[in-house]
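In what follows, a single structure is set out as structure tokens and then discussed.
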Amino acid sequence: MTNNYELYKVFYWAAKTGSLTQAAKALYLTQPSVSHAIKQLEDSFGITLFYRNSKGVSLTQEGVILYSYIEKSHILISLAEEKMAALKKLDSGELRIGGSDSLFKHYLLPYLEDYHQKYPGIKLHLNHGTTPETISFLKEGRIDVGVVRMPIVDDQLQVMRGIQLQDCFVAGSRYAELQGTVLSMELLLEYPIILFSRNSRVRMAITELFQSYGYEIKPEIEVGSVDLLIEFARKGLGISYVTREFVAKELEEGSLFEIQLDVKLPPSQVGFMIMRNMPLSNAAGKFIDLVK
């Protein structure tokens, strides 16, 4: 038995229109081609599917049964074609991004707003997590793109550079006497330090920097979000280590000031991760183009 989809298409249109001529027009075929296709289908099943009459053709009882299945298939295929066209035009679909709360809020938000305005039919899914969690999300197929601090060394991942960020120590008015002075690491450690509690790139980087100079940085307070790092510093609970770009507003208005150290604090690079040698969805590809 043949399972040629083209034969079923001819059968569908002949049954739907009740006319071999109309079926030929719908499919841009000649009428003899339509007649031949129906004969092939009838021969393959060994049954008659159509009665010929003066008005055209009508289905036999067996033809009615076949049509009930073919009609469902045609509807599903048409829906699939419409869905593919919509995905191509970005009228529908989803974009799944993984990263930290702080990168979403302080870095990605303008891009996400721009993307949503350009492609309102695309659903946005944001998965919050640390860098190791975001890498796991990507490898498990739970996200399309990961936004993390670099460096990332993993053969399975392709990483594209985003913006460069600068981390710094900040304090509020309670420590106003430190404003405009340059502190040594040793002197800084005499004050209460507030650090991000999770195993983040920022926390690891500052710990390694102090260790390289022979010091151990022990936070008096650990918090779970950048917003709390900022708020605790403003309230005078200690000196927080945050990303300068994320406290630009507070630094400008004067509710926080930057603590100057006698050593250079290393900048950090934001990267966009995707799986290497894996095709990106159209929605994810447009997002990468936007942030580039």
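With every protein chain in place and a 1.4 angstrom probe, the accessible-area ranking of ASP262, ASP114, ASP144, ASP227, largest first, reads ASP262, ASP227, ASP114, ASP144.
Give me the percent of accessible area attributable to carbon and sulfur for the range 1-68, probe 1.4 angstrom. Please list the in-between numbers first.
Numbers: 2220 of 4120 Å².
The value for the range 1-68 is 54 percent carbon and sulfur by accessible area.
When all protein chains stay in place and ligands, DNA and RNA are ignored, the 1.4 Å accessible-area order of SER268, SER68, largest first, is SER68, SER268.
Please get the size of the charge dipole for the range 53-201, origin at its Cα centre, with Cβ charges of +1 on Lys and Arg and -1 on Asp and Glu, quoted in debye to the nearest 20.
Numbers: 16 positive and 18 negative charges, 78 e Å.
In total the dipole reaches around 380 debye.
Given a 1.4 angstrom probe, what's the average accessible area per residue across the chain, in square angstrom?
Heavy-atom accessible area per residue stands at 56 Å².
Considering the options LEU209, PHE246, LEU195, tell which one lies farthest towards the positive end of the dipole of the chain, charges being +1 on Lys and Arg and -1 on Asp and Glu at the Cβ, about the Cα centre. Among LEU209, PHE246, LEU195, the one farthest towards the positive end of the dipole of the chain is PHE246.
Per residue of the chain, the DSSP helices (runs of n ≥ 4 H) give a summed -39500 (n - 2.57) that works out to -13000 deg cm²/dmol at 222 nm. Separation of the range 118-146 from the range 171-250 is 29 Å, based on Cα centroids. When only the Cβ of Lys, Arg, Asp and Glu is charged (+1, +1, -1, -1), the dipole of the chain relative to its Cα centre reaches about 1500 debye.
Using amide H atoms built 1.01 Å from N in the peptide plane, name the residues 5+ places from GLY129, or on other chains, whose amide H lies under 5 Å from its own. Those lying under 5 Å, H to H, from GLY129 are GLY99, SER100, ASP101.
The relative contact order of the range 198-292 comes to 12 percent, based on Cα pairs under 8 Å that sit 6 or more residues apart.
Under the convention that each Lys and Arg Cβ holds +1 and each Asp and Glu Cβ holds -1, the size of the dipole of the range 4-87 around its Cα centre is about 240 debye. For the range 91-291, with all protein chains present and a 1.4 Å probe, just round the carbon and sulfur fraction of the accessible area to a whole percent. Within the range 91-291, the accessible surface is 48 percent carbon and sulfur.
Listed cross-link partners LYS105/LYS286; LYS88/LYS249; LYS72/LYS118; LYS218/LYS292; LYS105/LYS139; LYS264/LYS286 are compared with a 28 Å cut-off, the Cα-Cα value being larger for LYS88/LYS249; LYS72/LYS118; LYS218/LYS292; LYS264/LYS286.
In this structure the amide hydrogen of GLU94, modeled in the peptide plane, comes within under 5 Å of the amide hydrogens of LYS123, none closer than 5 places in sequence on its chain.
Nearest 5 percent is fine: what portion of the DSSP beta bridges confined to the chain is antiparallel? That works out to approximately 60 percent antiparallel.
The relative contact order of the chain, computed from alpha carbon pairs under 8 Å that lie at least 6 residues apart in sequence, is 21 percent. Normalised by residue number, the volume inside the convex hull of the Cα atoms of the range 91-291 is 118 Å³ per residue.
In this structure, the amide hydrogen of GLY236, modeled 1.01 Å from its nitrogen in the peptide plane, lies closer than 5 angstrom to those of GLY172, counting only residues at least 5 positions away or on a different chain.
The values are calculated or read from the model by the stated rules, or taken from the named source; none is laboratory data. For clarity, every value in this text was computed on a predicted model and none was experimentally measured. A quick note on method: Cβ atoms are made from the backbone with ideal geometry, for glycine too, and the neighbour counts reach across all protein chains shown. Keep in mind that these areas ignore ligands, DNA and RNA; they rest on the heavy atoms of the full protein, side chains included. Shrake-Rupley method; radii C 1.70, N 1.55, O 1.52, S 1.80 Å.
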